[in-house]
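The values are calculated or read from the model by the stated rules, or taken from the named source; none is laboratory data. Everything numeric here is computed off the predicted structure, so don't read it as measured data. As a convention, Cβ positions derive from the backbone with ideal geometry for all residues, glycine included, and neighbour counts pool all protein chains shown. Just so you know, the surface numbers come from the protein's heavy atoms only, side chains and all, with ligands and any DNA or RNA stripped out. Shrake-Rupley method; radii C 1.70, N 1.55, O 1.52, S 1.80 Å.
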Amino acid sequence: MIPILETLDSRYLTAQPVLDKAWLDAAINETLASIDAMLPRFTDTFPAASAHEGRYPAVEKVDWTEGFWTGMLWLAWEVTGDDKYRKVAEGLLDSFEERLDKQIKVDTHDLGFLYLLSCVNAWRLTGNTRARTLALRAAELLYRRFNATAGVIQAWGDLNDPARQGRMIIDCNLNVPLLFWAANETGNDDYRQAATRHLQQAARYLVRDDASTFHTFYLDIHSGQPLRGDTHQGFSDSSCWARGQAWGIYGFALGYAHTGDTALPELSRKLAHYFLNRLPEDYVCYWDLIFTAQDKAYRDTSAAAISVCGLAELLKQLPLTDPLRPAYLNAISLIMHHLHADYFAHNEDGLLREGVYNFGRDMGINVPNLWGDFFWFEALVRLSRVWTPYW
């Protein structure tokens, strides 16, 4: 069935204060100050995925998140032109090269998060040919995870592990841009076809009839038949994990930019309505959209920041005459104002407090998470200038 489009909550139809240049510049300066405070400790290592007691521990090549630090450095360099950020970002290329050479934690679709925000950025922004080579190596590894029969990129783990085979997850919407980039760079259309097919399967199977999303879905790699949807990080298999819904909003909107498929912005819109209609009074989502105020659940500020980037990308795809443009701009303003007023982290590592990494596994709960910081900064940059996305 075609997912439904919920009528957008009337609270978004009331005009909101705009995010004017003065507000955005002040928020960017606060963000840069936080990055500057972290910079001396993270020149040859990375902040961990989640902060602990107000500080990010240092890690090396152990997670899917290291690219978000280099992504923030490149954003800082673009905003300021200060080469101190570029120097650190380029210095960390050694780590990304070693990761490929020694096959450290590369059996994952998260190669997009890792290598788009580090190596593709370095190539696009500065013409660093070494970075281009590394990014193409990562893209080839990602392509090898594509199963043509199922039409999906396997999320994690050994490709020969029956328990892992045929599993896609909504997060991959933000990883497939690595394949689109590699197709453009090399002329190898196999990369583009794999990425496009995966997005089609994600739209077909990860999105439910009511425009909520599964976190994960399995397909049979021998027949291509759908098996089941479930969750890895949400409250339950039938609930809607907030960050997954945000990945969907953003990823399907980005998919249009890469494929020209006009169905994708409309799908992004449907997911956005589902998401926005379930936000609490301060417009910052709980970690799963099943929760309401009486549940007293934790928020996930990272999902809120991702949703803003997704809405901003969606606005790029919609005609200027679209009647809901003002409502989406109101939603962006409400979320950003509340994130800054109520959740911005002062005098500690991290930009946004009260993120949730993985509640069920007791990971990164009610603390800053590195990707939340990145997407907060990306949202500010997107809203303050004409900017070419890293995706």
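Assorted remarks:
- Using a probe of 1.4 Å, the accessible surface attributed to residue 149 totals some 70 Å² when neighbouring protein chains are kept in position.
- Spin-label model distance (nm) - residue 186 vs residue 140, 7 Å beyond Cα toward Cβ: 0.6 nm
- Using θ = phi - 60° and Karplus 6.51 cos²θ - 1.76 cosθ + 1.60, couplings along the range 117-125 (whole Hz; Gly, Pro as x): 7, 10, 7, 4, 4, 4, 5, 5, 8
- For the chain, calculated [θ]222 nm from helices alone, where every DSSP H run of n ≥ 4 adds -39500 (n - 2.57): -14500 deg cm²/dmol
- Each residue of the range 285-300 was assigned a 3J(HN,Hα) from its phi angle through the Karplus curve 6.51 cos²θ - 1.76 cosθ + 1.60 (θ = phi - 60°); the sequence is 5, 6, 5, 10, 6, 6, 7, 10, 4, 5, 6, 6, 7, 5, 7, 10 Hz, with glycine and proline shown as x.
- Per-pair calculated FRET efficiency, R0 = 22 Å: residue 262 and residue 13 via Cβ, rounded to 0.05: 0.30
- Annotated for the chain: lysine pairs at least 8 residues apart or interchain, Cα distance under 23 Å, count 6.
- Annotation for residue 25 and residue 83: the two label points, set 7 Å from Cα along the Cα-Cβ direction, are 2.6 nm apart.
- Correct choice for P(r) over Cα pairs in 10 Å bins from 0, in percent that was computed from the model, options (i) 5, 25, 36, 27, 8, 0; (ii) 4, 18, 26, 22, 14, 9, 4, 2, 0; (iii) 4, 19, 24, 21, 18, 11, 2, 0: (i)
- Long-range amide H partners of residue 355 with built H, under 5 Å: 301, 366, 367, 369
- Multiplying the residue separation of residue 228 and residue 386 by 0.36 nm and subtracting their alpha-carbon distance yields 52.8 nm.
- The trypsin sites (Lys or Arg not before Pro) found in the range 255-320 that occupy coil by DSSP, while having at most 13 further C-beta atoms within 10 Å, are 296.
- Alpha-carbon radius of gyration plus Dmax, which is the widest Cα pair, for the range 103-262 in Å: 15.2, 46
- Sequentially through the range 207-215, phi angles give Karplus couplings (6.51, -1.76, 1.60; θ = phi - 60°) of 9, 7, 4, 8, 6, 7, 10, 6, 6 Hz, Gly and Pro residues having no value and appearing as x.
- Interchain or long-range residues, amide H under 5 Å from residue 128's placed H: 123
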